[in-house]
Each structure stands twice: as structure tokens, then as C-alpha cells.
Amino acid sequence: MRLCFAIILAAFFGLFSVSPAIAVEPDEILSDSGLEERAREISLELRCLVCQNQSIDDSNAPLAKDLRVLVRERLKSGDSDREVVDHIVARYGEFVLLRPRFGVHTLILWLGPPLLLVLAIFIMYRAFKRRRAESDAAPPKKLSAAEKKKLEKLLAEK
Amino acid sequence: MISETGHFALILALGTAIVQTILPLWGYYRRDHTLMRVAMPSSVAQCMLLLVAFGALTVAYVTSDFSVENVWQNSHSAKPMLYKISGVWGNHEGSMLLWVLILAAFGASVALFGGNLPRDLRTCVLSVQGSVGAAFLLFIVATSNPFLRLDPIPLDGKGLNPILQDPALAFHPPFLYAGYVGFSLAFSFAIAALITGRIDAAWARWVRPWTLAAWMCLTLGVAMGSWWAYYELGWGGWWFWDPVENASFMPWLAGTALLHSASVMEKRDALKVWTLLLAILTFSLSLMGTFLVRSGVLTSVHAFAVDPARGIFILGIMTFFVGGALALFASRAKLLRQGGIFAPISREGSLVLNNLLLTTACAAVFIGTLYPLALEAVTGDKISVGPPYFDATFGPLMIPLLLVLPLGPFLAWKRGDILGALQRLAFAAALALLATLAAAAIFARGPWLATLGIGLGVWLIAGAISEIAFRIKLLRAPAEESWRRLCNLPRSAFGTAIAHAGVGVMVLGIIGTTAWRHEEILAMKPGEKADVAGYTLEFGGVAPGRGPNYTEVIGVFKVTRAGVETVTLHPSKRLYTAPPQPTSEAGILASWGGDLYTVLGDELEGGAFSVRIYFHPLVRLIWIGAIFMFLGGLMSLMDRRLRVGAPKRARKAPAGAAAAE
């Protein structure tokens, strides 16, 4: 569906035409199922550079196929997962990673949500404390004589 | 001629919207009731005019009038009627027209059915609603006019993108827009409350049904988009954290939070300022969604810069309304009196927690969606933020939310008893534990997190049922009394339970298909067999086929289960004629346990075909859960309180207002 919305966008704007089709082809699959599984996991984290927000595992673009084959070749030659990813980042830049690396340029991206949560909890805590202090400082007013009378009357009715 | 009528109506609607914005507000400040009364007829007139404009465009599409440029660009004479009609909103100009039509319809319904609203509030609401309409109508007339003519008239149209020619997608945009735009009323009510400086429980009572209706439409719209992607795009994914999806998901998250905080305001007169802010934020996110999708900024910052007219215009509208609303909020929110004190452990407290987690989750989606754009604009660095990021940030926020969800309805207002609530949920907890153990036994190889997820889903469903059972004193009172209580239970209680159970159903679907999806990628020759998840599929070769505006290659798969032939699946590859574009249609065998999903790929060497066969366990539950949420909303909307109660309460307010004057 990464593709799908790209397609809606494309359809609305007439930007380019994309065709949905099969991504990983039967001939790409490695005979070693352990390696293949690793290849799939790595593929899900790598972006197809010519597509819109689509991993190479989902994409049927020729470039995505090249990258999938490259990932599998590096794995076969004994690279670790990290080495494979590093190799591809060295060639294509960090843009290729769907999970951006933590660094100065992604501080807000990675720390934003947890910091916001902490901040929101803090604000909530403060608000509760303040409200409690306010309600302690101003205890509910005593009933006036007229109100007392009214209350007694109501109770008597029951 | 019809198109000119539509064009004329569109321009008149712009004029009407401007009148609707200025005169009533002016009247409000001058205390001139005649001017204030303009709001009602003008909003109805604006809606009627837009209906005429929309009708004219629809006629142009239905009759394939290719002298209208918009029709020529997006339609074709050979297209089935359904897609001729859905083509009206399957393009930029038409969809914006639908946008303002829905906006005006919401405004007109306040004018027509809002007789019991305080006069000041109604006037200001309609004025604000009119201003949003005026801004977008100006946008349409200036940059996106759907009624422009062509000369000479082309012989046939260019056609609608075939991927959009699908029943689910035909109705996806109207629901999505009804949701987006429906939140405009919550926004208008919030601004009106800030202008008039008055906000009370009656306000919340008025805002809630509208917000609920918008939320229901958005729920269905998002779910439809997800379902469509699932069966149409050929690999069975249902959510990908695409920026365009996120654009519709953020208002949904904020709108869900708004629904819950408005209920606190309605019942307990608390959280007023927060509810106002949330109403403003929800519609702001809708505007941002419109901007993101309509400006092209998502494709790349550079694509946006190439043709910026439309993008800049919407950005301007967004800045004006969001900035103006927030400035107004900052200066006037202090005037609103805070009410209703409550302990942290209480129904209010649980709804605050709900809001806290939902808004933070919404913020996480916001950051992830916009950060790459911001970074590129500031430093020029390009990074990608994909599903792994959202799984890591959004997911952890949802788990505590879902875990404590069943507790909320069991807590009393003001001060709750958490131990008592847990006791009442003991049965649900036991069921959840049982489900977890059962899942762990069936899927011995894990993943263990998914088995816990199944437990979570059951916990949510059983928790929702427990609430109803508790309220009708099931098994604790004679059956007759329980039955009587069941009949007397307000519909909103059922609504809450159904919607919450829907969340659980959806969780089951998500966990099932994410953790236990099975996939086979094969090169199959005719006559070959494949075994997937207990099914045996025999590939019977391919056959040609043709439809009204496409030709196709259809694969034949005989499916047998335990030796019994169940069905024949026909995944196909289509080639549309106008525009010439291939699509892939999956062959799906649906069942409660899961979907068997087949996709036909290209022909390979030696007569084999590339074939993908998936089994998506429980996947249907994702959308069934969404339908539950929709039905829960509908049930709530039918509650007596919203139909009969609101006028009673609201009628007191004008009396009070008159006394204050």
C-alpha cells in the first residue's frame, strides 16, 4: 500500500504511472532458507530509491530488484546484516534507510515522541496538583439558611 | 450550458460564503439581530448552490462531455457508469468541489436543525464555517476550476487511472472527506465558543454528535482505503505508514481523543480548555492532510516548488486558520471557567490518560511524517522515515492505551475504585489469559509477543462485554431484572461497548496477519501443485479475458482442502485501454480463519508463471473491527440523550444569556 497511495497521488497529479506487480521474483530466492530470511528482513528496512516510500521487498522496480540481488550476494559472501546495510548506505546514502539512524540530524525525530510523552505527563501531574491545592484552599461553601430549608423540604418530600 | 450553470453557481457560492462570514459576525458585535439572522439562509443557499455546481459536474461526467477539460482529463466514454460518477471526485478539482460541498452541507445542517442552539453561538458557528468555505471556494475558483472548457472538443477522454476504478475506492474519498470536513464543525464551535467566551456542557452536547458522525465517516473511509489496498495492490498489505495514509490517520487519532474529552466535558463540565484546543487541532490536522495530499509536497519538496500555486494557496489557508485559531485560543482561553474537580483515579482520569496517549501517538505520527520534509527544507539532507520508525514509536504508545482501555468504563466519575474495577474484570482477564495460553499452544514456535497480542485482543472484547454484563447485573440479579436493565440501558452504553470490542477485534486481525502470515513465491507450470496453510492449489494455466475497458490474462487455481475441492481462484493481470496501464487483481478465498490470497505474475522462461500465494490469518478482522467501531458510533448517535436531551439543556442557555445581557 506504500505503492497504493503513491498511485493515488500519481493518479491525482498525473505524475507517473506505476504498475503493481510481484516484487521478489522466484529466481531471486536463495536456496539457504536462513540466508533468505535474513535477506527479507534487511530488504524491509531498505527503501526503493525510485519509488514512493516503498521498501525494496515490496517494489517491482528494476532498481529494487538490483538491490535485492545485491543484498543476497553480500549475504552469500558471508557479510553480517550490519555489513550489508553499511555497504548499501555507503553506495546510496542514508536516504536508503527506512529506519533513519540516530544522530544529530535525527535527534528531534527519535527523541521527540518520548520527550513529548514525558512533558505531557508532567503537565498533567502539575494540573492535578494545582487543582487539588485550589480545591483544598477553597472548601465547598456551607449551605445558606434558605438552601438548608430547601434541602429539608426536598428530603421531607421523599 | 449545464457546465456554465455549474460554474456560475460555484462563483455565486463563493459570494454567498463571504456574506455568510462577514454579516453575521458584524451583526454579533453590533448586537444587530437582523444581520445575525443572515447566517441561516446564506448557509443553506451556499449549500444549494454547491449542490447545483456538483450536480453540473456530475452531469458532465455522466454524459462524457469532453468539452469540459476536467472530464477530458479524467474520464473516458468506455468507462462503466459507476466509475464515470466516481470520476467526479477522482481528481484534484472535483475532489475539492466535493470537499466544499460537504463543508457547506455541515454548515447548512446547523442552520436547519440548530434551532435550539443559543443564538450567539449559532451565528458565530455559521460565520466561522462560512469563512472556511469562502477560503476554499476562492482556492477552487482561482487555481482549480473544474468547469474550464476546451476548444476544439477532443473526441474521447484520457481515462481514469485504472487503479482507481474499483468499487471500494469509488466510495473511499466521500467518506474520508465527510470525516475530514466534519471536524470543521467542531472547529467552528470551538472558535465560536472563544468569540462568545461561553462554553458549557450544552456546548459539548452539541459538538459531540457532529464529531461522532465525522469520526464514523473517517473510520470507514480509512478502513476502506486500507481494504482496497489489501486486495488491489497485490501483496496483501493493509497499512504502510505512507504519508498520505498518515495524513488521514492523524485527524482520526485526534478526533478519537476529542470524542473522549468531549464526553468528560458533557458529563462533568471538566477539561473545557483542553477540549477546545483538541477541536482546533483536529481540524488543523484535517487541513494539513488536505495540504499534504493536494500540494504535491510529499512527492518531494522540489516537485512542490515547481508548481507551487496550489500548494502555497492551501498553505496560506492553513496558516490563516490554524494560526488565527491558536492565537485566539491563547488570548481568550483564560476567560473560560474551569469546572469539575476529579481524582486521578476516576472516569475522567482514565479519559485524560486516553487523551494523553492518543495525542502523543498522533504527535509521533506527525513528527515521522513531516520530519523528512522539514530536514530537507532546512539542511538539504534527505532521509526516509518508514514503517520501522512508526512501529518503534507509535506501537509502544498503543500498548498501554489498549491495556487500560477496559478499565475506564468501570471507574466511577470523580473518584474511582481501581481494585473494584479489576475485580469486575476478573472474568475478562481470565479469558484473556486462556486465549494467550491457547495461542501459545497452537503456535508453539511463537512469536511470544504475538500470543500476548491475542490475549490483548480477547481482553478488549471480553472487557467490553463485561461492562454491559456488569451494568445489567447479569447473574447477580434475577434474569427478569437483568433483561429489564438491558432494555433500559442507554444506547450510548452499547455504542461504547461495541466500539471498544471493535478495537479488540481489530487487534486480533492485526496480530494474526502480522505474526503468522504465510508466503510462497513460486515459478509454477500448468498442472503443478503447491501446498499453503492446509490448502492445495493446482495451477490450471492461464486464459485470456476482456472487460469493458481492459483485456486480461486470468490464472486458474483449483483449491482443495483435505481432499475436497473448495473453489477455483482467478487472479488476473489486466491491461487497461485508456490510459494503457497494467493492474493486478488478486484471487482471494476468504474465510473466518484467514484469507488465501493468490497473485499471478509474469510469464517466465519455459512456460512457467511467477506466482505468489499468501495465507493471511484473521486478516478480515481488521476491517470487521473498523465496522464495529462505526456501528458503535451509530448506536451512540441514536442515543435518546443526543436527540431529546440536547434541546432541553440548550434551551436553558439562551434564557441565561438573555438575563446576562
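The values are calculated or read from the model by the stated rules, or taken from the named source; none is laboratory data. Since the structure is predicted, the reported quantities are computational estimates derived from the model, not experimental observations. Backbone-built Cβ (ideal geometry, glycine too); neighbour counts: all protein chains shown.
Is the range B:266-277 home to any residue that is on the phi < 0 side of the Ramachandran plot, more than 9 Å from chain A (Cβ to nearest Cβ) and within 12 Å of the chain's Cα centre (by Cα)? Scanning the range B:266-277, I find no residue that is on the phi < 0 side of the Ramachandran plot, more than 9 Å from chain A (Cβ to nearest Cβ) and within 12 Å of the chain's Cα centre (by Cα), so the answer is no. Among the residues in the range B:256-264, are any modelled with pLDDT of 90 or more, more than 15 Å from the chain's Cα centre (by Cα) and away from every other protein chain (no Cβ under 14 Å)? The answer is yes, given that some residue of the range B:256-264 is modelled with pLDDT of 90 or more, more than 15 Å from the chain's Cα centre (by Cα) and away from every other protein chain (no Cβ under 14 Å).
Conditions (1) surrounded by fewer than 17 Cβ atoms within 10 Å (Cβ to Cβ); (2) within 11 Å of chain A (Cβ to nearest Cβ); (3) in contact (Cβ under 8 Å) with a residue 12 or more places away in the chain; (4) of a type in the set (Gly, Ala, Ser), marked per residue:
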position: B:VAL141; (1), (2), (3), (4): yes, no, yes, no
position: B:PHE147; (1), (2), (3), (4): no, no, yes, no
position: B:LEU150; (1), (2), (3), (4): yes, no, yes, no
position: B:ILE153; (1), (2), (3), (4): yes, no, yes, no
position: B:ASP156; (1), (2), (3), (4): yes, no, yes, no
position: B:GLN165; (1), (2), (3), (4): no, yes, yes, no
position: B:ALA170; (1), (2), (3), (4): no, no, yes, yes
position: B:PRO174; (1), (2), (3), (4): no, no, yes, no
position: B:TYR180; (1), (2), (3), (4): no, no, yes, no
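Across the range B:534-545, the qualifying residues are those that are surrounded by 18 or more Cβ atoms within 10 Å (Cβ to Cβ) and either away from chain A (no Cβ under 14 Å) or modelled with pLDDT of 90 or more (or both), and the one among them that is nearest to B:LEU460 (Cα to Cα) is B:TYR535. For the residues B:LEU23, B:LEU14, the requirement of being aliphatic (A, V, I, L, M), more than 21 Å from B:ALA192 (Cα to Cα) and buried (at least 18 other Cβ atoms within 10 Å of the Cβ) singles out B:LEU14. For the range B:474-523, filtered to residues that are among the polar types (S, T, N, Q) and within 14 Å of another protein chain (Cβ to nearest Cβ), the residue that is surrounded by the fewest Cβ atoms within 10 Å (Cβ to Cβ) is B:THR514. Might you check whether a residue that is in the same structural domain as B:ILE140 (by TED's automatic domain parsing), among the aliphatic types (A, V, I, L, M) and in contact (Cβ under 8 Å) with a residue 60 or more places away in the chain occurs anywhere in the range B:27-35? Looking for residues that are in the same structural domain as B:ILE140 (by TED's automatic domain parsing), among the aliphatic types (A, V, I, L, M) and in contact (Cβ under 8 Å) with a residue 60 or more places away in the chain, one finds none in the range B:27-35, hence no. Check whether at least one residue in the range B:210-221 is surrounded by 22 or more Cβ atoms within 10 Å (Cβ to Cβ), over 30 Å from B:HIS616 (Cβ atoms) and not hydroxyl-bearing (Ser, Thr, Tyr), and report yes or no. Yes: one or more hits.
Once the range B:579-589 is narrowed to residues that are in contact (Cβ under 8 Å) with a residue 12 or more places away in the chain and in contact with a strand residue (DSSP E or B) (Cβ under 8 Å, 6 or more places away or on another chain), the residue that is farthest from B:SER77 (Cα to Cα) is B:LEU589. Restricting to the range B:581-598, what's the tally of residues that are of a type outside the set (D, E, K, R) and within 20 Å of B:ARG546 (Cβ to Cβ)? Here the count works out to 6. Residues in the range B:98-133 that are touching a Pro at 6+ places or on another chain (Cβ under 6 Å) and either within 14 Å of chain A (Cβ to nearest Cβ) or not in a helix (DSSP H, G or I) (or both): B:ASN116, B:PRO118. Only residues that are within 14 Å of another protein chain (Cβ to nearest Cβ) and assigned to a strand (DSSP E or B) were counted in the range B:598-632, giving 13. When every residue of the range B:240-250 is checked against the conditions, none turns out to be within 13 Å of chain A (Cβ to nearest Cβ) and surrounded by fewer than 22 Cβ atoms within 10 Å (Cβ to Cβ). Looking only at the range A:76-106, residues that are within 23 Å of the chain's Cα centre (by Cα), exposed (fewer than 11 other Cβ atoms within 10 Å of the Cβ) and of a type in the set (A, V, I, L, M) come to 1 in all. Determine whether B:ALA214 is touching a Phe, Trp or Tyr at 6+ places or on another chain (Cβ under 9 Å) and within 14 Å of chain A (Cβ to nearest Cβ). Judged against the criteria, B:ALA214 is not a match. Scanning the range B:321-354 for residues that are facing chain A (nearest Cβ under 9 Å) and part of a helix (DSSP H, G or I) yields B:GLY349, B:VAL352, B:LEU353.
Of the residues B:THR58, B:THR21, the single one that is over 17 Å from B:PHE136 (Cβ atoms), in the same structural domain as B:GLN129 (by TED's automatic domain parsing), modelled with pLDDT of 90 or more and polar (S, T, N, Q) is B:THR58. From the list A:ALA61, A:ALA133, the lone residue that is closer than 30 Å to B:VAL611 by Cβ, modelled with pLDDT under 85 and of a type in the set (Gly, Ala, Ser) is A:ALA61. If only residues of the range B:572-597 that are of a type in the set (S, T, N, Q) and more than 11 Å from chain A (Cβ to nearest Cβ) are counted, the one that is nearest to B:ASP156 (Cα to Cα) is B:THR577. In the range A:37-61, the qualifying residues are those that are more than 8 Å from every other protein chain (Cβ to nearest Cβ) and among the hydroxyl-bearing types (Ser, Thr, Tyr), and the one that is surrounded by the most Cβ atoms within 10 Å (Cβ to Cβ) is A:SER59.
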